[in-house]
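Asks: Input: one structure, supplied below.
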Amino acid sequence: MCHAISAFLAFTNTTKENTPDMGEQTPTIHWHAIDIDEALSQLRSSKEGLGEDEARRRLEEAGPNTLEAKEGTNPLLMFAKQVHNPLIYLLAGAAVLSLLVGHGIDAAVIAGVIVLNSLMGFFQEWRAEGALDALRAMAAPHAKVLRAGKRIEITADHVVPGDVLMLETGDRIAADGRLLSADNLRIDESALTGESEPVHKEPGEADADKPMADRQNMVWMSTNVTGGRGRAVVVATGMQTEMGRIAGEVRATRRESTPLQKRMHKLGMVLGIGSLTLAAAVFGLGILRGHDLVGMLMFSVATAVSAIPEGLPAVISVTLALGVRRMAQRNAIIRRMPAVETLGSTTVICSDKTGTITKNQMTVRRLWADGQIFKATGEGYEPAGEILEPSGKTINELPGTLKNLLTIGVLCNNANLKKKDQWRVEGNPSEGALLTVAAKVGLDIDEIRTGAQRVAEIPFSSDAKYMATLYPDKEGAGSVAYIKGAPEWILEFCSHIVKDGKPVELTEELRNEIAGINEEFAADALRVMAGAYRDIPEGQDKLEQKDIEQGLTLAGLWGMIDPPREESIEAVSDAKEAGIHPVMITGDHAVTALAIARQVGIAEDGKALTGQDIEKMDKPALAEAALEGGVFARVTPAHKRKILEALKEQGHVVAMTGDGVNDAPALKGADIGIAMGRAGTEVAKEAADMVLTDDNFATIVHAIEEGRVIYSNLRRVVFFLLATNLGEIITLVSALIIGLDLPLTAVMILWINLVTDGACTIPVGIEPKHADVLKHPPRDPRAPILDHQMLLRMALLTPIMAAGTLGLFWYAQRNGGLEYARTVAFTAMAAFQWFQAFNARSNYHSIFSIGVFSNRWLLLGVGSAVLLQLFAVQTGLGQTLFGTAGLAWIDWLMIVIVSSSIWIADEILKRLHVYGRPWTEK
């Protein structure tokens, strides 16, 4: 934090002993661990603030209180990055070769494919780097400071180290600071630390090793004051703040290639080397066999073109785009198209607790009054639900003792329950929970408050551990004090308890009983609050601690929690069934985190590891602990990063869900970051790869399912296209070896690769999900696209394609000219692709078991391919462009019969389980 401090200290007119030199390394100052006077001395400031001249000088030296932006992205460089792909290089080379041999149209088509693919990637990347802008937008626009003892308001970017901030309810804090004074100051740090409750702040010293979330004498940039007031001296501004550190981590975190990008890069290298080698070998073999140089150059170009799946980059982009649209319909917005398939190989989901697994809305679950435990149904701030008797029956008539407790929760309360688009609380979340549970049983909050005028109040403080209010007694001449607070403190102040509707003396036996109830609630991770009251004599209009800390009558207890979402329980179960490890990473307390984890099924036994435990563990041990225990509490963003790095180093594909500022670096550093769309900060959304529009943890499971479907479809496309290319290669090379003429020209091969295959690949890429999608474990991220099973299928099927094409070519050439024979071979090769498209629908299942008509788009695609082939063969324009001759109906019948052999053979091989068994049969 002290880099900005050391910068302006070098400008002060002090001795060398007191001011570090600009070139020296300033030691880290633990601002929370030193006393206030020493902090002010280090900052060369005072409780009256800085003078205007000194503030201006420090602003010049330390710089504005803003989050630095990296240099703007150059659109040309971003576009150039899109073509930095081996497969694109291959396509470019094919275009050049086609141009050199005089096939300008072919070269233009390939160039168009390159441009289209690059433009799609460019527009996706253009929107992917907005995290720093979102961070800057969160910074407080104005701040109230003391300058020379006078309170003034300045723009937040003019705040400097040494300024004294004036903090009030509703303020967004402009910089990191050390508290000088506090009056019931509470700050919402949930977006930064993950703490679901506003944190009570007070001056004083803290241990040097205290984690950031527990430093009660510090305030942080861009957190919000929810109650009270205070003063703090600024210790860090701009990029030296905790918010700035996050901004730096977001900027420094490099976007990693997704598994698909890595696989496509590897595949592109293999295809590039293979096509060049093959073309050179074919050319050399032809020359050795005495063929002329120009003819062999044409033959080699055709071979090189046949080795390259020209449509693959564009088809992959389109398949991903269509998958993105389907996912959006299921409330998952994808921000980076290649990240879609990453979901399918996800092995670990690291999720924040507050607002992700839970609702981020405190909810009263249990109440204790008059010796009975009542249960409250419903979740969140919506006053929908009911209170159940110990027997489980709904309360029809509210008992007087329970009504008294609920009334205390309404009157000893400064929060307000509002409904706009949804129910929300203005003020403290715990107080909002008390209002909600009262409203559930029909108590009219506004009527209760309107009918009682508050006389006095003692605000909550961390020292007293309670809040008290004073109201006139409607039934008597005096007043009534209502108190709520920590049970262990309230119980000490009580002399009586309500029993059977009347105050009775609080005996030691009753005290032990109440203490046991408190422990029972706390063991279930419920935050326990006690309610009490006391009659105040007539004429007293002030409330003092001595009136509260004795002679109280205990009314009862509330037990509340930030509850898990119901759908999170099912989602966790589904994730585990799919072989995925859910891990909870939160800034909240360990007991609460473990209780929630057990409720949703993340953890069964064991304990939650804390940030201090993480610091002591090496990465292999940390990864093992994450998979076995699955719960981490009181963590910082650095701890999250360490957990992610540990898991990734062990070969896991890690997804990170979150909604707060503190999640941004991990979201960007994870294999796929998942942000919440409703409760999420703009920082988290911009850093994420996927945003859940419904903030529903179950949507993640849907997204994983869709990710697996998309990746399976991509593999189907790759199989279909590469089988086509391999069939063409075998056909051409075999023709050369056995001494036949060139059966297919380069333009015919391009037509098949780009048009015939193009009509079928998109439908293959949108194959509907099969029943076993979530029945198998995640894919090994290191597994190649061309696995053993796919290579075996191609090795068995492509020779059938080549043999059928060459056989028909040989037969046609004996009964007609070369042009007629090439037309037959051209149409046969295209027809083989029609049947191969149906084969590509499943690796294991027969087309009859998955449904012939379940993919209607494929039927339409194959029908289109047939019509296009009729155009290329039977029309004058097609015959001119492709050098074809018209075919008779008997020729078409013969071609269809021969080409259907590849479909028949694949059906037999599937039935014999040559490729393996489907997961549903394992």
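The values are calculated or read from the model by the stated rules, or taken from the named source; none is laboratory data. Since we're looking at a predicted model, the values are computed, not measured. Don't worry about glycine lacking a Cβ; one is built from the backbone with ideal geometry, like all the others, and counts go over all protein chains shown. When the accessible area is computed, the model is the full protein with side chains, heavy atoms only, and any ligands, DNA or RNA have been set aside. Shrake-Rupley method; radii C 1.70, N 1.55, O 1.52, S 1.80 Å.
Asks: Is any residue of region 769-805 close enough, with backbone N under 20 Å, to a label point placed 7 angstrom from the Cα of Ile737 along the Cα-Cβ axis, and if so, which?
Replies: Within reach of a label on Ile737, which here means backbone N under 20 Å from a point 7 Å along Cα→Cβ, region 769-805 contributes 791-805.
Asks: Let me ask something else. Any chance you could run the full-extension gain for Arg782 through Lys393? It's 0.36 nm times the residue separation minus the Cα-Cα distance, nm to one decimal. If you can, show how the numbers build up before the last one.
Replies: Details: separation 389, 0.36 × 389 = 140.04 nm, distance 5.60 nm.
Taking 0.36 nm per residue and subtracting the Cα distance, the gain is 134.4 nm.
Asks: Multiply the residue separation of Ser181 and Leu293 by 0.36 nm, subtract the distance between their alpha-carbon atoms, and state the gained length in nm to one decimal.
Replies: On the way: separation 112, 0.36 × 112 = 40.32 nm, distance 9.07 nm.
This chain segment gains 31.2 nm when fully extended.
Asks: Here's something else I'd like to know. Taking amide H atoms as placed 1.01 Å from N in the peptide plane, list the residues 5 or more away in sequence, or in a different chain, whose amide H sits under 5 Å from that of Ile536.
Replies: Result for Ile536 returns Ser479, Val480, Ala481.
Asks: Please give the charge dipole size of region 777-922, origin at the Cα centre, charges +1 on K and R Cβ atoms and -1 on D and E Cβ atoms. Round to the nearest 20 debye. Please list the in-between numbers first.
Replies: Details: 11 positive and 7 negative charges, 74 e Å.
Once rounded to the nearest 20, the dipole reads 360 debye.
Asks: Going down the list Lys47/Lys484; Lys375/Lys546; Lys648/Lys668; Lys266/Lys576, which pairs span over 25 Å between their C-alpha atoms? If you can, show how the numbers build up before the last one.
Replies: Values: Lys47/Lys484 34 Å; Lys375/Lys546 34 Å; Lys648/Lys668 14 Å; Lys266/Lys576 31 Å.
In this structure, Lys47/Lys484; Lys375/Lys546; Lys266/Lys576 lie more than 25 Å apart at Cα.
Asks: Given H placed on each backbone N at 1.01 Å, which residues far from Arg335 in sequence or on other chains put an amide H within less than 5 Å of it?
Replies: The answer is Met690, Val691.
Asks: With θ set to phi - 60°, apply the Karplus curve 6.51 cos²θ - 1.76 cosθ + 1.60 along region 715-731 and write out the HN-Hα couplings as whole Hz, x wherever there is a Gly or Pro.
Replies: My calculation for region 715-731 gives 5, 4, 5, 4, 4, 4, 6, 5, 5, 4, 5, 5, x, 5, 4, 4, 4 Hz in order.
Asks: Could you put Tyr466, Tyr820 in order of accessible surface area, largest first, with the 1.4 Å probe and the full protein assembly present? Could you put the intermediate results ahead of the total?
Replies: Working: Tyr466 0, Tyr820 55 Å².
Greatest to least solvent exposure: Tyr820, Tyr466.
Asks: How do 804-814, 430-440, 279-289, 213-223 rank on mean C-beta neighbours within 10 Å, highest first? Numbers along the way, then the final one.
Replies: Numbers: 804-814: 20.0, 430-440: 24.6, 279-289: 15.6, 213-223: 23.1.
Result, highest mean first: 430-440, 213-223, 804-814, 279-289.
Asks: Just need log10 I(q)/I(0) for region 716-853 at q = 0.12, 0.15, 0.19 Å⁻¹, Debye formula, equal scatterers on the alpha-carbon atoms, no solvent, rounded to two decimals.
Replies: -0.54, -0.78, -1.10
Asks: How would you rank 350-358, 381-389, 728-736, highest first, on the average number of other Cβ atoms within 10 Å across their residues? Spell out each step's value before the answer.
Replies: On the way: 350-358: 27.2, 381-389: 17.7, 728-736: 21.8.
Result, highest mean first: 350-358, 728-736, 381-389.
Asks: Taking K and R as +1 and D and E as -1, what net charge do the other residues with C-beta under 12 Å from the C-beta of Asp37 add up to?
Replies: Net of charged neighbours comes to -1.
Asks: Residues with amide H under 5 Å of Ala555's amide H, sequence separation 5 or more or different chain, H placed in the peptide plane at 1.01 Å from N; which?
Replies: Gly531, Ala532, Tyr533
Asks: Here is a further query. Taking the Cβ of Glu488 as the center, what net charge do the other residues with Cβ under 12 Å away carry, scoring Lys and Arg +1 and Asp and Glu -1? List each step's numbers first, then the result.
Replies: Values: positive: Lys465, Arg511; negative: Glu492, Glu519.
Summing Lys/Arg as +1 and Asp/Glu as -1 gives 0.
Asks: Report the full-extension gain for the segment Asp209 to Leu860: residue separation times 0.36 nm, less the Cα-Cα distance, to one decimal in nm. Could you put the intermediate results ahead of the total?
Replies: Details: separation 651, 0.36 × 651 = 234.36 nm, distance 6.69 nm.
Separation in residues times 0.36 nm, less the Cα-Cα distance, equals 227.7 nm.
Asks: Sort 705-715, 636-646, 486-496 by packing, meaning the average of other beta carbons within 10 Å per residue, with the highest value first. Walk me through the numbers before you get to the answer.
Replies: Values: 705-715: 23.3, 636-646: 21.7, 486-496: 17.9.
My ranking of the peptides, most packed first, is 705-715, 636-646, 486-496.
Asks: Estimate the FRET efficiency between Ala328 and Leu285 by the formula 1/(1 + (r/R0)^6), using the beta-carbon distance for r and 51 Å for R0, to the nearest 0.05.
Replies: Working: r = 52 Å, r/R0 = 1.01.
After rounding to 0.05, the efficiency reads 0.50.
Asks: Label region 788-897 by shape, choosing from rounded, prolate and oblate, from the square roots a ≥ b ≥ c of the eigenvalues of the Cα gyration tensor; if a/c is under 1.5 it is rounded, and otherwise prolate applies when a/b is larger than b/c, oblate when it is not. Please report the intermediate quantities before stating the final value.
Replies: Details: a/c = 2.61, a/b = 1.56, b/c = 1.68.
Oblate, since a/c reaches 1.5 and b/c is not below a/b.
Asks: Suppose R0 equals 41 Å; then what is the FRET efficiency for Asp535 and Glu567 from their Cβ-Cβ distance, rounded to the nearest 0.05?
Replies: 0.30
Asks: Another one. Distance from a point 7 Å along Cα→Cβ of Ala384 to each backbone N in region 414-429: keep the residues under 13 Å and list them by number.
Replies: 422-423
Asks: What spacing in nm lies between the two simple spin-label points modelled at Lys542 and Arg57, each 7 Å away from Cα in the Cβ direction?
Replies: Those two pseudo-labels are separated by 4.7 nm.
Asks: Sum up the charges of everything whose Cβ sits under 11 Å from the Cβ of Asp352, counting Lys and Arg as +1 and Asp and Glu as -1, but leave Asp352 out.
Replies: Overall, the nearby charge balance is -1.
Asks: Continuing with the same structure: Take Lys403 and His913, extend 7 Å from each Cα along the Cα→Cβ direction, and tell me the distance between the two endpoints in nm.
Replies: Each label point lies 7 Å from its Cα, and together they span 7.1 nm.
Asks: Still on this structure, I have one more. In nm, give the distance between the simple-model label positions of Gln789 and Thr277, each being 7 Å from the Cα along the Cα-to-Cβ direction.
Replies: 2.7
Asks: For region 149-195, what is the charge dipole size about the Cα centre, in debye to the nearest 20, if Lys and Arg each add +1 at the Cβ and Asp and Glu each add -1 at the Cβ?
Replies: On the way: 5 positive and 10 negative charges, 40 e Å.
That gives region 149-195 a dipole magnitude of about 200 debye.
Asks: Still on this structure: Per residue, what volume in Å³ does the Cα convex hull of region 528-674 take up?
Replies: Numbers: hull volume 25.3 nm³, N = 147.
About 172 Å³ per residue, rounded to a whole number.
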